[in-house]
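The values are calculated or read from the model by the stated rules, or taken from the named source; none is laboratory data. The shown structure was predicted, so the numbers you read here are calculated from the model rather than taken from an experiment. For neighbour counting, all protein chains shown are included, and Cβ atoms are generated from backbone atoms with ideal geometry for every residue, glycine included. With ligands, DNA and RNA removed, areas are computed over all heavy atoms of the protein, side chains included. Shrake-Rupley method; radii C 1.70, N 1.55, O 1.52, S 1.80 Å.
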Amino acid sequence: MRCPICLSRVLVSLGLLGLVTMCTPATPPRPIYRIGFSQSVSSGDWRQAMLAGMERELAFHPEIQFLMRDAQSSSQRQQQQIHDLLQAGADVLIVAPNEEQALSSAIEEAYRRGVPVILLDRHTTSPHYAAYVGGDNTGVGAAAARYAAQLLRQRGQIVEITGSSSSVTKERHNGFVQTLRAYPQMRVVGAVSGDWGTTALQPALTELLRNYPETRLIFAHSDLMAQGAYEVCRKLGREDIRIIGVDGLAGAGNGLEMVQQGRSTASLFYSPGGEEAIRVALRILHHQAYERENILGTIVIDSTNALTLQQQAAKLTSQQEGIEQQQLLLRTLQATYASQRTVLYGLVISLLAAVGLGASAWRAARNNRRINQQLARQNEANDAINQELVRQNEANDVINQELVRQNAANDVINQQLSTQNEEIRAQRNQLAELAEQARRETEAKLRFFTNFSHELRTPLTLIMGPVEEMLTGRNSTALQPTHRHDLGLIRRNTQRLLQLVNQLLDFRKIEVGKMAVQAYEEDVVAFVRELVETFEPAARVQQVGLTFVPVEPALPAWVDRNVLDKVFFNLLSNALKYTPRGGQITVRVQPDDEGRTLQVQVADTGRGIRPQDSPHIFEWFYQGEQPATAKGSGMGLALAQGLVRLHQGQLTFSSQVGQGSTFTVTLPRELPRELRATDAAAPLAFSLDEPLVVPAGDAEGPVSEAEALVLVIEDNADVNEFVARKLRPHFRVQSATDGKTGLQLALELIPDLIVCDVMMPGLSGLEVVARLRADWRTSHVPVILLTARNAPEQQVEGVQAGADVYLTKPFNPAFLLESVRTLLANRARQREHLSRQLVATTETPAAPNPDQAFIQALTAQVETDLTRTDLTVEELAHALGFSRMQLYRKVKAVLGTSITDFIQSVRLQKACELLRDETLSVTAVAYEVGYASHSYFSNSFKARYGLAPSEFRARHQAGVS
Ligand code: ADP
């Protein structure tokens with residue numbers, strides 16, 4: 001429904017609009033064109049007639065705005081006025097020049113501005129005018145001559161009165177005299193200059209007429225001068241002389257009247273050209289064709305036509321006045337029409353508004369009636385609803401009372417429940433505490449077991465050494481059979497103990513996530529075959545068949561031997577343990593999942609696993625039913641499963657009691673990069689997601705066993721010699737016979753390992769160790785301490801001082817040899833670990849070990865001089881308090897790499913950082929990390945990382961975006 005108020009507002013607005021329109025006065029049509037007129041002088045009848053002619057013509061063109069300027073006979077002023085008219089926006093310019101010469105520049109200006117110029121009455125020297133309108137002065141002169149000949153019957157004397165020295169005078173004169181040549185008996189006896197006025201000519205003319213009494217005719221170049229001539233003739237009593245003037249204008253005192261009154265015989269009409277000039281201007285403005293030169297004709301006015309012309313002129317004037325009056329009337333009518341139209345609009349709008357308001361009022365009234373009816377109906381309905389509500393409220397009251405009763409009952413139940421909840425919560429807390437306590441206890445136990453196992457391993461190794469030496473050494477043949485049997489027993493049980501301890505330690509490592517996979521790509525078939533072969537003797541002894549079935553001759557995959565060795569060892573041990581004599585064990589290696597994975601199956605025909613044991617056999621320390629012969633710990637399968645999972649594989653089994661069991665290890669053939677050994681032979685593929693890994697080692701490779709230098713410090717010459725002799729076949733050996741020289745030699749040579757006696761005169765072995773450890777140059781060198789005393793506190797002292805192994809004399813030489821080897825191998829491992837750590841992270845560990853501290857100091861020193869291209873190893877060694885050789889050997893021992901290679905790795909690693917940052921150009925990065933040439937930098941970078949610095953940056957950018 002439309003809002004009646006809104007509608008009425010609209011209508012009222014319309015009414016107001018009408019009123020406003022009504023009050024607006026009618027505006028005359030705006031002029032569309034401007035015609036500028038520069039008049040040389042406006043005084044004088046001829047000039048006035050020119051203007052009157054223009055105005056007459058313009059009366060028919062209200063769209064034209066007419067701008068006139070009077071130069072009052074000043075050429076300079078006229079120039080300025082033309083300029084002003086152009087400024088005022090004249091579309092066409094009519095110029096009646098004051099002088100021909102002076103106006104050219106003003107005409108040129110109009111031409112430049114593109115405003116057409118119409119010259120009136122006179123030419124100027126400029127050719128740039130659009131049109132010329134003017135009389136034919138030569139023609140006027142000629143017409144005068146012909147008329148004179150007619151009057152004088154072609155004979156008699158004539159006097160000429162000229163105006164000034166202008167072109168008009170010249171042309172009129174020429175026209176006159178040239179035409180007179182045709183009449184030889186007519187002669188101009190003299191000429192007088194009258195300066196276009198009545199008086200100036202009189203003295204000279206009087207004189208001339210006296211001198212030439214035969215004069216019969218005077219030709220004056222204007223009617224005004226003709227009047228002067230008339231006055232002279234009258235004074236001289238020569239009214240017989242005929243006078244011809246020029247102009248022939250109507251009006252009092254002008255040529256037409258003079259002829260009529262007989263003061264002059266004739267006048268040659270010379271049109272001022274006002275109408276014509278305006279007509280040409282209009283043609284130009286309306287882009288119509290026009291003549292450039294508009295020469296106006298002349299007629300002779302004499303007694304024969306003067307009256308007619310006079311009447312025509314009067315008629316023209318009265319017509320002109322009539323036109324003006326009619327125009328005035330027209331304008332008044334237009335104004336009246338405009339205001340009446342406005343009033344009419346206003347009335348129509350008001351009427352419309354009134355009708356609209358009436359309609360909206362009627363509609364509003366009708367709507368109101370409808371609404372009222374609806375309201376009445378609604379009220380009736382409301383009454384019914386209200387009655388219903390009253391009824392419902394009563395019913396609700398009943399329900400509410402019931403609810404109140406039920407709530408009371410619920411409150412009682414809730415209280416009971418909350419008491420029960422409290423109890424449950426207390427019990428749960430108690431359980432959680434118990435669980436936590438159990439966890440802590442288990443953890444403590446495991447820690448204890450782990451520490452204990454560690455403790456067990458050292459004495460077990462120490463037992464194994466001598467036993468091994470006794471059984472296999474030079475004097476083993478002299479052993480009595482019973483002793484050999486006992487020693488064999490000791491060896492087997494020690495081995496078993498060692499295995500258990502190792503398993504326990506592995507278990508712990510898996511638990512705390514310290515076990516890491518370091519896979520290499522190799523042939524799994526060959527690897528498993530080797531393992532199976534080691535079990536063949538035992539299988540033979542137990543009379544169990546052992547078959548190896550590789551489905552394919554070779555199966556390359558990424559595997560960590562250390563991890564899988566333990567897995568397959570346990571599976572094979574179990575198979576052998578739970579398979580009776582005459583049984584069969586089959587080991588199968590086959591690809592699976594379309595070659596993406598591989599399977600190693602160990603199947604036996606043993607006693608199988610009981611269903612009640614099946615769910616538990618992978619639990620730590622779970623043991624099923626044990627045969628009398630088999631001894632177990634319940635760790636084997638749990639460890640195997642933990643290790644297989646670590647290797648991203650699965651360990652499953654199937655078994656039937658009495659039939660046998662099959663254990664299947666399924667492994668992926670590819671492993672993620674983080675599980676691959678970083679010094680793998682495979683080419684180093686670079687990835688942006690991972691920290692950049694620099695391959696450890698350099699061209700020379702890590703220290704090999706034969707290259708390793710061992711320093712023996714022992715004051716007892718025999719023992720010294722004995723130890724040296726034992727080691728010499730395997731290593732390079734140097735000896736010192738006291739602590740002081742030993743220490744000196746150690747600092748000079750930086751050996752790879754030192755075997756040192758504890759009890760020595762002067763500097764004791766413990767002091768030597770302490771000093772070696774305290775000195776950066778030797779802090780990394782492993783030390784084996786030898787002593788005759790086996791007091792435990794001595795051992796503690798030795799370990800505290802920093803010895804790696806403590807051997808009591810008499811020691812087993814084979815065991816010493818193994819210890820040296822183990823320590824060197826450990827050193828190599830540490831080296832590898834350290835170099836990997838070094839490249840993997842640039843962050844400083846909280847408490848670095850001496851090797852890490854050294855590397856940090858070295859790195860810091862290199863970084864201080866990183867931008868220097870001429871940094872030498874000598875300078876670096878000197879800054880750290882090393883000799884060149886000491887630094888070389890230290891870096892080699894700690895990182896397995898040469899010092900120059902290390903410096904380069906620091907430079908290039910810094911370069912990686914700067915390249916990732918993207919603020920410096922590649923060349924700037926090269927200089928920043930101490931490379932004098934871009935190409936050398938680029939080659940070194942490429943050699944290390946396999947791609948050019950620019951590619952590295954591009955990939956980094958791609959990776960980041
Ligand atoms: P154990 O040291 O007892 O062998 P494991 O963890 O290796 O511990 O094995 C757990 C249990 O699984 C064993 O006690 C044994 O009952 C059962 N079991 C393992 N391998 C076999 C097998 N090949 N045949 C039958 N039973 C086996």
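Worth pointing out:
- Annotation: per residue accessible area for the stretch 191-233 equals 41 Å², rounded to a whole number [probe 1.4 Å, protein chains only].
- Between D565 and S74, the distance separating the two model label sites (each 7 Å from Cα on the Cα→Cβ line) works out to 12.6 nm.
- Against the chain, whose longest principal axis is taken from its Cα atoms, helix 717-727 shows a tilt of about 60°.
- Accessible surface, per residue, of the stretch 588-649 when the full set of protein chains is kept, probe 1.4 Å, Å²: 49
- Distance between the stretch 564-580 and the stretch 135-165 - C-alpha centres, whole angstrom: 156
- Taking the convex hull of Cα positions in the stretch 420-512, its mean projected area over all directions (nm²): 8.5
- Taking θ as phi - 60° and the Karplus parameters 6.51, -1.76 and 1.60, the scalar couplings of the stretch 47-62 work out to 5, 5, 5, 4, 5, 4, x, 4, 5, 4, 5, 5, 4, 8, 10, x Hz in sequence order, x denoting glycine and proline.
- Ranked by the mean number of other Cβ atoms within 10 Å of their residues, highest first, the peptides 402-410, 933-941 fall in the order 933-941, 402-410.
- Packing rank of 412-425, 565-578, where each peptide gets the mean count of other beta carbons within 10 Å, highest leading: 565-578, 412-425
- With distances taken between every two different alpha-carbon atoms, the stretch 197-303 has a Kirkwood hydrodynamic radius of 15.4 Å.
- With Cα atoms, 0 to 90° folded angle of helix 202-211 axis to the chain main axis: 50
- Debye-sum result for the stretch 519-669 in log10 I(q)/I(0), which assumes one identical scatterer on each alpha carbon, at q = 0.20 Å⁻¹: -1.31
- Sequence of E625, E291 when ordered by accessible area, the most exposed leading, probe 1.4 angstrom: E291, E625
- Length released on extending from A948 to H483, taking residue separation times 0.36 nm less the Cα-Cα span: 160.6 nm
- The order of K892, K170 by accessible area, most exposed first and with a 1.4 Å probe, is K170, K892.
- Degrees separating the helix 481-511 axis from the principal Cα axis of the chain, which is the longest one: 20
- Net length gained if the chain between Q261 and S318 were fully extended (0.36 nm per residue, minus Cα distance): 18.3 nm
- For the stretch 137-267, the Kirkwood hydrodynamic radius comes to 14.1 Å, computed from all pairs of different C-alpha atoms.
- When all protein chains stay in place and ligands, DNA and RNA are ignored, the 1.4 Å accessible-area order of M470, M635, largest first, is M470, M635.
- Phi to ³J(HN,Hα) by Karplus 6.51 cos²θ - 1.76 cosθ + 1.60 over the stretch 424-430, Hz, x for Gly, Pro: 4, 4, 4, 5, 5, 4, 4
- For V95, the residues whose modelled amide H falls within less than 5 Å of its own, excluding neighbours fewer than 5 places apart on the same chain, are S38, I118, L119, L120.
- Per-residue extension of 0.36 nm, minus the Cα-Cα distance of Q852 and D411, leaves a gain of 151.8 nm for this segment.
- Packing, taken as the mean count of other beta carbons within 10 Å per residue, orders the peptides 189-197, 861-869 from highest to lowest as 189-197, 861-869.
- Accessible surface of R377 - all protein chains present, 1.4 Å probe, nearest 10 Å²: 140
- Over the stretch 33-129, the pair-distance histogram of Cα-Cα distances with 5 Å bins from zero comes to 3, 14, 27, 26, 19, 9, 2 percent, rounded to whole numbers.
- Size of the stretch 78-208 as Cα extents on the principal axes (Å, biggest first): 56, 31, 18
- Karplus-derived HN-Hα couplings along the stretch 215-220 (A = 6.51, B = -1.76, C = 1.60, θ = phi - 60°), whole Hz, x at Gly and Pro: 4, 10, 8, 10, 9, 9
- Inter-centroid distance (Cα atoms) of the stretch 308-361 relative to the stretch 880-937, Å: 104
- With protein chains left intact and a 1.4 Å probe, residues in the stretch 441-578 average 57 Å² of accessible area per residue.
- Relative frequency of Cα-Cα separations exceeding 13 Å in the stretch 118-170, percent: 70
- In a DSSP loop and with at most 14 other Cβ atoms within 10 Å, the chymotrypsin sites (Phe, Trp or Tyr not before Pro) in the stretch 22-122 are F60.
- Kirkwood-based shape ratio for the stretch 841-958, expressed as Rg/Rh from alpha carbons: 0.99
- Amide H contacts under 5 Å for Y270: D247, G248, restricted to partners 5 or more places along the chain or on a different chain, H placed in the peptide plane at 1.01 Å from N.
- Long-range tail of P(r) for the stretch 318-442 (Cα pairs > 16 Å, %): 84
- A Förster radius of 41 Å, combined with the Cβ-Cβ distance separating A426 from E625, puts the computed FRET efficiency at roughly 0.45.
- Surface composition of the chain: carbon and sulfur make up 53 percent of the accessible area, probe 1.4 Å.
- The chain: Rg to Rh, with Rh as the Kirkwood radius over Cα pairs: 1.52
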